[in-house]
Structures are given as C-alpha cells and as structure tokens.
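Chemist: Just passing along the structure, written as structure tokens.
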Amino acid sequence: MALPKDIRIDLPYDEVPKKWYNLAADIGHLEPPLNPGTRKPAKPEDFEAIFCKEIIRQEGSTERYINIPEEVRDNLVFLNRPAPLQRAIRLEKYLKTPAKIYFKREDMSPLGSHKGNTALAQAYFNAEEGVHTLTTETGAGQWGTALAMVSNLFDIDCTVFMVRGSYDQKPMRKTIMQTYGATVYASPSPQTEFGRKVLKEHPETTGSLGIAISEACEVAAKDPNISYSLGSVLNHVMLHQTVIGTETIEQMKIGEIEPDYMIACAGGGSNFGGFAFPLLGEKIKGKTDCTFIAAESKAAPSLTAGEFKYDFGDTAGFTPLMMMYTLGQEFIPKGIHAGGLRYHGMAPLVSAAMDKKLITARAYEQLETFEAGVAFARTEGLVPAPESCHAVKAAIDVALECKEAKEEKNIVFCMSGHGMLDLYGYGQYLDGTMKSSSM
C-alpha cells in the first residue's frame, strides 16, 4: 500500500527554533513563589544561593519569547533536533480506530529523552557565569544522564543524587552517568545532613524526588561556585523545553494537521509543558479548541488527587513555596518503574493551566501503562520509556473513544523517551510479577 504523506514529517536542522516560548506571558495572573523564611513573595536574590543570575532572570520573566543563544542552538542539532513528528499508522490499524495518531520523537536524542533541551541551556548559562559544578537530582535517570553529558561540553563537574528506588532498579542509568563523568549518589545519601536525617528515620526508604532535590540544594547552597540544576517543575525549565512544541506546531502546519488532542506524560511537568505550552498559548488566544491531556501516575497523582495550594518543591523545605497541585512535601510515592513521575507536586505553570481549566489530566496504574507500551512496541517497533507509556496509554484510550463515537480525530502525543534501559520493568510486566502503583 502507498504510505500517507503525513507518515513522518521532518524539519531541516537549520529550523531548530530560535526562541523559547514563555507561557507566563499569556496565562494571566500567577501567584508568586514565597520565601520559605518570611512567607512573603520571593525576590531574585532569594534564589542566588542555588541558581545563576540568568536562570533566575528567566524564572521570573514574563517576556513572551526569549532568544536561544547560538551555542545552545548549535548543540541542540547534535541532540537530533528538530525531532520528527511521526504517524502511528500500524497502531491505528491494530486499534481499528478512525482517529489518526501522531507522536513526537523525543526518543531519538542520543541521551534517550527530551531532557537534554534544558540541560544544554542550564549548563551554558552556568558556565558563562563561572560556575564549576552543578548538582542535581534524578528520578529514573534520564535527567541525570542529560546533565552529566552536556556538562562536559562546558567543562563543568556534575554531581547527581539519584532516587534510591531507581538507583537500585536501573544500575545501567548510573553507569551511563558515570561514563559521562558524573558523581552519582543514591538518595537519601550519607553525603548530606538531610540525607543522613532521612536515613536515620527511614532506613529502608526508596527515596523520592523531593528528598533528592533537598540533598542537591543543600550541596549547592554551601558553595558559591556550585549551582543547583533542576530538570523539571520551574518556569525556566518549561521555557527551555518549548522547542518541542514549537517544532510540533510547524510540523502540523506542513502536514495540515489540526490537532484535536495533545497528550504528554506529566510528573514534574517539563515534558508536558514543553510539548503543550506553545499551542496552549494559541488556545488562550482563541485560535484552537484542542484538548490537552496530562497523563500522570496513580502512584503520584498530583493533578487528579492533589490540592492546589502553596507547598515546598522539596521534602526538607529548602526551596521557595510554590502555588501548585501537590500531594504534600513529605509524600513519598510507591516505588514504580516510571521514576520520573514520582514527584509530590506539579509545575506551577502546569498547575495554573489546570486550575484555569485549560488542560485536563488522567492518572494510570503502571500495569495498564506497560500494557500500552507493549502494544506500541509490537505495532510501531519502538519501546517507550515507562513515563512515555502513560502518554501512549492516554492516546490509546482517546483513540478507542473515537472508535466508539465513530469520530475521525487527530491525536498527537509526545514520546518523551525510549525504554531500552527499562527492560527490567518490561520483564516484570511480561512475567506477571509487576505490582500495582496506586497510592
């Protein structure tokens, strides 16, 4: 059979976006972050203990577009940007759905996921200001891998606190980070005061992203030449990831695709925000009625079960308080294979979009997401990361709803990363030993 013209839409490398899009310019009033000591609106200097000045400026910016430095843009090409937009025609046939399903190929980065988009920017800005070491946390390991690799490009050392559950489940992630030159600790660790406190109180804990963030922030706050680098949640991270959505809009124009649904997994929010925000800005202006779906884990369902309130971004209470959907700073999710979704809160910008009813959310069990991931692998030949399986599951559900309603809709989702280093999880699903992920 003849393949449809929209089977794969590529952009030339010189069309890597030149600007980042900032949803803060269009979404309306946002509650400011609060100083953890005074509980008053945080000032730029309140962030200087852990962030470099340019990152702080971007975090508080309400400019609609911010120029991407040429050195960052050049290096994005080597992360396989622009990434293709591909049609899942074999999955459509398997589901017998009249809907068309498209997916953005963030799995094609040599780093395995979308995380390099912001890692590059953050490493560049810190190097420009003379920072010699970056500290960070990582859940499943994709973010730690990205920061470890790009730090080499700017002659910066990298220290990673990896959530213990993933550290034990995914030793190859640790090996990759170490190959790239990073120092990797299982979190909670004996390397920090807060880590030692948690280990004393909960010696068998699998850890959490909130705990790992606390440890990384503690290290950064003690040395002016060390900065903290965050892989999700904050506004500047969402900003850097919008290269995904900006490219996707251009590709949909080429393919004459009017999206009815935009879907991405959501843990802290960077993948969902980067994919959805550029088109969400158009929705705010009344230029599209697309439905945006954030697919989260039932192990940490902040959008579907959390409260919209001020909370700390970490467990120890080092960070400013942010207005977000949260399950509580001390919440420690069950151990699951989608380590990148094990976070107690959601990005303030994603949370604001949810509160304003601009987006919706669905939460899934890990068993049903791996079922979707296997179906995708067997039809499209690509093994999604456990986090990405949540987006695949949501896309399949919507496609089946279209089948039931006999509607020809366009479904576009983000394949945030590949799962070739997550085969232990797939093995557990396939041999029947995988456990429930509900709270």
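The values are calculated or read from the model by the stated rules, or taken from the named source; none is laboratory data. Keep in mind that this is a model prediction, so the values were computed, not measured. Cβ coordinates were reconstructed from backbone atoms using ideal geometry, including for glycine residues, and neighbour counts include every protein chain displayed.
Chemist: Restricting attention to segment 261-284, and to residues there that are in a helix (DSSP H, G or I) and aliphatic (A, V, I, L, M), which single residue is farthest from W143 (Cα to Cα)?
Modeler: To start, the set of residues in segment 261-284 that are in a helix (DSSP H, G or I) comprises 270-284.
Within this subset, residues satisfying the condition of being aliphatic (A, V, I, L, M) are 276, 279-280, 284.
Numbers: A276: 20, L279: 25, L280: 25, I284: 30 Å.
It comes out as I284.
Chemist: Still on this model: For a quick check of your reading of the model, give me the residue pairs whose first member lies in segment 112-137 and is under 18 Å from I213 (Cα atoms), whose second is of a type in the set (S, T, N, Q) and surrounded by fewer than 19 Cβ atoms within 10 Å (Cβ to Cβ), with beta-carbon atoms closer than 7 Å and at least 6 apart or on different chains.
Modeler: That search, which allows pairs on different chains as well, returns T133/N225.
Chemist: Taking the stated definitions as given, is E247 at pLDDT 95 or above, closer than 30 Å to I101 by Cβ and either assigned to a loop (DSSP other than H, G, I, E, B) or touching a strand residue (DSSP E or B) at 6+ places or on another chain (Cβ under 7 Å) (or both)?
Modeler: Against the criterion (at pLDDT 95 or above, closer than 30 Å to I101 by Cβ and either assigned to a loop (DSSP other than H, G, I, E, B) or touching a strand residue (DSSP E or B) at 6+ places or on another chain (Cβ under 7 Å) (or both)), E247 does not qualify.
Chemist: Does G267 qualify as being closer than 23 Å to K393 by Cα, touching an Asp or Glu at 6+ places or on another chain (Cβ under 9 Å) and not polar (S, T, N, Q)?
Modeler: Working: closer than 23 Å to K393 by Cα: yes; touching an Asp or Glu at 6+ places or on another chain (Cβ under 9 Å): yes; not polar (S, T, N, Q): yes.
For G267, the condition - closer than 23 Å to K393 by Cα, touching an Asp or Glu at 6+ places or on another chain (Cβ under 9 Å) and not polar (S, T, N, Q) - is met.
Each row is one residue, and each column tells you yes or no for (1) at pLDDT below 95; (2) among the aromatic types (F, W, Y); (3) buried (at least 18 other Cβ atoms within 10 Å of the Cβ).
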position: E63; (1), (2), (3): no, no, no
position: V72; (1), (2), (3): no, no, yes
position: L85; (1), (2), (3): no, no, yes
position: A88; (1), (2), (3): no, no, yes
position: K96; (1), (2), (3): no, no, no
position: E137; (1), (2), (3): yes, no, yes
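Chemist: Now for a different question. For segment 332-351, does any single residue satisfy the condition of being farther than 30 Å from V219 by Cα, touching a Phe, Trp or Tyr at 6+ places or on another chain (Cβ under 6 Å) and in a helix (DSSP H, G or I)?
Modeler: No, because not a single residue in segment 332-351 is farther than 30 Å from V219 by Cα, touching a Phe, Trp or Tyr at 6+ places or on another chain (Cβ under 6 Å) and in a helix (DSSP H, G or I).
Chemist: Which residues, taken from segment 34-63, are in contact (Cβ under 8 Å) with a residue 60 or more places away in the chain, of a type outside the set (A, V, I, L, M, F, W, C) and in contact with a Lys or Arg (Cβ under 9 Å, 6 or more places away or on another chain)?
Modeler: Answer for segment 34-63, where residues must be in contact (Cβ under 8 Å) with a residue 60 or more places away in the chain, of a type outside the set (A, V, I, L, M, F, W, C) and in contact with a Lys or Arg (Cβ under 9 Å, 6 or more places away or on another chain): just N35.
Chemist: Inside segment 364-379, can you point out the residues that are within 21 Å of the chain's Cα centre (by Cα), hydroxyl-bearing (S, T, Y) and in a helix (DSSP H, G or I)?
Modeler: Hit for segment 364-379 is T369, nothing else.
Chemist: When segment 138-169 is examined, which residues are found to be of a type in the set (D, E) and in contact (Cβ under 8 Å) with a residue 60 or more places away in the chain?
Modeler: Hits for segment 138-169: nothing passes.
Chemist: Continuing with the same structure: Quick one: how many residues across segment 291-320 are surrounded by fewer than 21 Cβ atoms within 10 Å (Cβ to Cβ), part of a strand (DSSP E or B), in contact (Cβ under 8 Å) with a residue 24 or more places away in the chain and out of contact with any helix residue (DSSP H, G or I) (no Cβ under 8 Å at 6 or more places or on another chain)?
Modeler: Final tally of qualifying residues: 2.
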